[in-house]
Every structure is written in C-alpha cells, then in structure tokens.
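Okay, structure first, notes after.
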C-alpha cells in the first residue's frame, strides 16, 4: 500500500457513512380494512393492532354536495390507540358499491373543495392519510387530476396517500395516477362472485395473485416496495343448481360451521353448495409470494377473521415478519 492509498482511506470511510444502506429491505406491511362505524363505536378493543401496520377505515364518502357531515369525534380515542401501537390509520373513500356523487365532485369546479374538505377531516381527527378505493365507473376522466391534486395536498401535510387497485380496472388507471401513491394495495380477489352466477368457482387463487403482481410490476413498473398483495377473509358459495342463489360467508363463519375447512380452499356444504375461499395453506403461499414480489399483505376485511390457531391474520403476521 502506498502513501496515496492511505490518504484515500478516510475519504472512502466518510463516503460509506454518508451512503444509504444498499438494498435496504422495506418493512413488511400488513394493511387491514376495518369498518368506520365499528371504529366510531369504540371498537379499538376488538382490533389486533399488534398484528397490523396500517388500518384503512371503510368508507368515508361525501354527500352529493361534497360535504362530510357526520360527527367523527369518536375516532379520536381509536386513532390514539392505534398510534400507541405504531399503526397508521387512513380514511378509505369509495368502495365497491357505486358512489355516483364522485362523477360531478371530481370535475374541475368541484374538485378543489372536495379535496380541502377531505384533507380537513384527516387533520381534524389526526389520521395518517387517505386510501383511494374508487372502483369501476368511478375511475373516470377526472380520476387522474383528483389523485394528483389530492396527493400534493396530503404530502404537504406529511400524510400518506394509498389506493386499492385491481387488474380488472387496469385500462382505467393511468401511469401518472399510479405514480402518486405511496403504495398500492392490489385487490387479488373477486375474479368472480355472486354477481356472476353463471361462472361459479374460486375467486382468489394463488395463480391470480401471481398474475396480478406480475402485471403491476412488469407492465406498469410499480416497484415491489410500493405494492401489497390483497387477500380475502371471505368466500363465495354456489349451487347445487345453476339457478341457486350464490352466497357469501366470512372466514370465521366458514371455519366455525365446518371443522377442518381452514386447511383447504373449498368446502361442500350440506345443501350441496360449494364455497370457495383461502385457507391457511394458501394464505401461507400468498404471504411468501408477497415477501418476494411485493412488500406486504392487504386484507379485506379483518372483521371476517377466525380466532385462535385458525386466524388468518395470525398466519400472515407470523409468515410475513419472518427473518430471511
């Protein structure tokens, strides 16, 4: 080693100190959707905060004039309880049901007021941000403008903006809109359902999850650190005839009614219906996939979980937070 090499050592060490840690792993997110009404009813005692990183309260939607008129002061102790466990709480807007008011509220003359009102609700009750769960026809020509402007205001207040997205809305979601989100929750479920009784069968296969993450990662270029994999805590049942009405049951109802059902993904019921859902083995597979191809799991919804050793959230927590 020559004298010049000795002079380089302090410079090299200093640069290493300043440089960010290479390939730093994003902490595994566990995002749970939880009823806003339950949270208002002092529901924090029922929430397993220790097993979550984020909680999305469904749904906060404005009236046709763009106003949020409900008294949400009951949320204050709920949010404080979550924060004591280092859980971030977001308002989720929209939902799977049609919210036709958004079509005119997202127009240029109404959009700024809606954003101001929504962010005011976040700040008033101490939440950590907004989850945009606008779906179907609610993802219209003004969606991108809304997301861009909402993101700017939220980030100015150091708040989060996330979204629930799905491959079946892929052509409605612009790259610019997707780029605004801190992370997106990929809804990898509801490939079929009671609204399609002519196509009974699994609605949330492991292969669906593979395809969904592959699309948003490889085609839409969303990095794994900005995605979670959405999983269902419910199932749909069909039959025994094609004309028989389809049903839905949450995971707790399924495993309580049918001992052993937690170990498989479908169950033939006494009346001949077959119900399709995600059991423990498939949930473990999906968590493993999420660890490799995303940065967490999103759950619709945590109130559908079972208890004890049959709890899917317990499985997600254990598998997701394993050290590699």
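The values are calculated or read from the model by the stated rules, or taken from the named source; none is laboratory data. Quick caveat, the model's predicted, so the values are computed rather than measured. Note that we place each Cβ from the backbone using ideal geometry, even for glycine, and neighbour counts take in every protein chain shown.
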**Condition check for residue 127: under 29 Å from residue 169 (Cβ atoms), in contact with a strand residue (DSSP E or B) (Cβ under 7 Å, 6 or more places away or on another chain) and either buried (at least 20 other Cβ atoms within 10 Å of the Cβ) or at pLDDT below 95 (or both)** = yes
**Message:** Taking the criterion of being buried (at least 20 other Cβ atoms within 10 Å of the Cβ) and out of contact with any strand residue (DSSP E or B) (no Cβ under 7 Å at 6 or more places or on another chain), would at least one residue in the range 89-97 satisfy it?
**Reply:** no
**Asked** If you scan the range 136-179, which residues turn out to be under 16 Å from the mean Cα position of the chain (by Cα) and under 23 Å from residue 124 (Cβ atoms)?
**Response** 160, 161, 162, 163
**Fill in**
Considering residues that are out of contact with any strand residue (DSSP E or B) (no Cβ under 7 Å at 6 or more places or on another chain) and touching a residue at least 60 places away in the same chain (Cβ under 8 Å), the number found within the range 226-246 is 0
**Fill in**
Subset of the range 196-219, residues surrounded by fewer than 13 Cβ atoms within 10 Å (Cβ to Cβ), touching a helix residue (DSSP H, G or I) at 6+ places or on another chain (Cβ under 9 Å) and more than 12 Å from residue 186 (Cα to Cα), comes to 219
**Message:** Can you report the number of residues in the range 30-53 which are surrounded by 15 or more Cβ atoms within 10 Å (Cβ to Cβ) and within 20 Å of residue 234 (Cα to Cα)?
**Reply:** 12
**Fill in**
residue 164 fails exactly one of (1) in contact with a helix residue (DSSP H, G or I) (Cβ under 9 Å, 6 or more places away or on another chain); (2) within 30 Å of residue 280 (Cβ to Cβ); (3) in a strand (DSSP E or B), namely (1)
**Complete:** In the range 242-265, residues that are surrounded by 19 or more Cβ atoms within 10 Å (Cβ to Cβ) and over 26 Å from the mean Cα position of the chain (by Cα) total 0
**Message:** Looking at the structure I just gave you, is residue 297 surrounded by 15 or more Cβ atoms within 10 Å (Cβ to Cβ) and part of a strand (DSSP E or B)?
**Reply:** yes
**Prompt:** If you go through the range 148-193, how many residues are in contact with a strand residue (DSSP E or B) (Cβ under 6 Å, 6 or more places away or on another chain) and either more than 19 Å from residue 230 (Cβ to Cβ) or at pLDDT below 95 (or both)?
**Reply:** 3
